[in-house]
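A.B. asks: Here it is, the structure, as structure tokens.
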Amino acid sequence: MGASWIWYFLLISIGMAVSPGACFVLAAGMVPTLVAMVVISGHCAVQRLVTVASFNLAGVLPFVINVWTGGDTASAILTDIFSWMVMLGAAGCGTLINYVGPIVAAQVLTGMAKSDQAVLAQARKKLIDEWGEELTRPPQVSQSD
């Protein structure tokens with residue numbers, strides 16, 4: 001664990017030396033990911049955190065690039081309500097996917113199971129028509145002493 005903190009510190013130090021404004025926008029914009037790190041727990045917590053972080057980064061990155069290339073200053077971006085709407089909205093989309101994704105997956109899998117059940121029922125009916133009602137009765141086990 002100690003070595004990973006050294007890499008993070010080194011990366012942050014290089015970023016602050018190259019473009020402090022971009023690092024400040026990145027740090028401020030990624031706050032929803034930090035909140036998600038604290039709040040998200042339970043089943044698949046890492047995957048859910050990665051979802052929120054990925055969407056959050058996708059919302060923050062255009063503004064970081066804008067500061068990096070000299071298009072705007074960090075203070076201009078962080079005082080613009082549209083910038084915050086995009087950054088927080090992207091993190092919100094990641095959170096929405098965390099909640100809606102399992103519901104959609106369950107509905108799709110239920111539909112597939114019902115379709116398979118209908119196919120199996122049709123095949124069963126065909127077998128009974130071909131071989132007779134004997135197939136529906138339990139087998140007779142004879143006991144031999």
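A.B. asks: Would a scan of region 90-99 turn up a residue that is more than 30 Å from Pro20 (Cβ to Cβ) and not aliphatic (A, V, I, L, M)?
C.D. replies: Yes, the conditions are met somewhere in region 90-99.
A.B. asks: Which residues, taken from region 88-145, are part of a helix (DSSP H, G or I), more than 30 Å from Val25 (Cα to Cα) and of a type in the set (Ser, Thr, Tyr)?
C.D. replies: Thr110, Ser115, Thr136 - these are the residues of region 88-145 that are part of a helix (DSSP H, G or I), more than 30 Å from Val25 (Cα to Cα) and of a type in the set (Ser, Thr, Tyr).
Taken together, the values in this text are just the output of simple stated rules run on the coordinates, not laboratory data. Fair warning: this is a prediction, and the values are worked out from it, not measured in the lab. Neighbour counts are summed over all protein chains in view; Cβ atoms, including those assigned to glycine, are modelled from backbone coordinates with ideal geometry.
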